[in-house]
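Scroll down for the structure; my scribbles are underneath it.
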Amino acid sequence: MCGWWKLNCDGAAKGNPERTLGRGIIRDYTSHGVAGISCYYRVGTNLEAEAKDLLDGINLSLQLNVNQVQVELDSNILIQIMNGIFSAP
């Protein structure tokens, strides 16, 4: 969609809980990668890593003055928490 940007992000933990990390990329409407993130976080769970990575990705999009962002995650639990289906632990 013209004018829209896409944020793909994925957080992970080596164990649960264990060291966590997150990676993400922001693409323009032509799928061209514009900016990315890659961070190590503290010890935590997979869900904490996914949530922290999403927050970092949203903050990056705000720094780029991106207003219309489609977010793609692979954490079904985080998506359901954001949609109010589950409550955060």
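Please treat every number below as a calculation from the coordinates, not as lab data. Source: prediction; values computed, not measured. Please note: Cβ atoms are built from the backbone with ideal geometry, for glycine as well, and neighbour counts cover all protein chains shown.
Counting the residues of the stretch 21-35 that are touching a Lys or Arg at 6+ places or on another chain (Cβ under 7 Å) and surrounded by fewer than 17 Cβ atoms within 10 Å (Cβ to Cβ) gives 2.
Could you grab me the full set of residues in the stretch 1-20 that are surrounded by 14 or more Cβ atoms within 10 Å (Cβ to Cβ) and closer than 19 Å to Asn67 by Cβ? Full working, then the answer.
Here is the first cut: in the stretch 1-20, the residues surrounded by 14 or more Cβ atoms within 10 Å (Cβ to Cβ) are 5-13, 17, 19-20.
If the condition is that a residue be surrounded by 14 or more Cβ atoms within 10 Å (Cβ to Cβ) and closer than 19 Å to Asn67 by Cβ, then Trp5, Lys6, Leu7, Asn8, Cys9 are the ones that fit.
The set of residues in the stretch 61-77 that are under 23 Å from Asn46 (Cα atoms) and of a type outside the set (S, T, N, Q) comprises Val71, Glu72, Leu73, Asp74, Ile77. For Ser61, are the conditions met, namely being on the phi > 0 side of the Ramachandran plot and either out of contact with any helix residue (DSSP H, G or I) (no Cβ under 9 Å at 6 or more places or on another chain) or hydrophobic (A, V, I, L, M, F, W, C) (or both)? The answer is no for Ser61. Within the stretch 37-55, if we keep just the residues that are without any contact (Cβ under 8 Å) to a residue 24 or more places away in the chain and not hydroxyl-bearing (Ser, Thr, Tyr), the residue that is surrounded by the fewest Cβ atoms within 10 Å (Cβ to Cβ) turns out to be Arg42.
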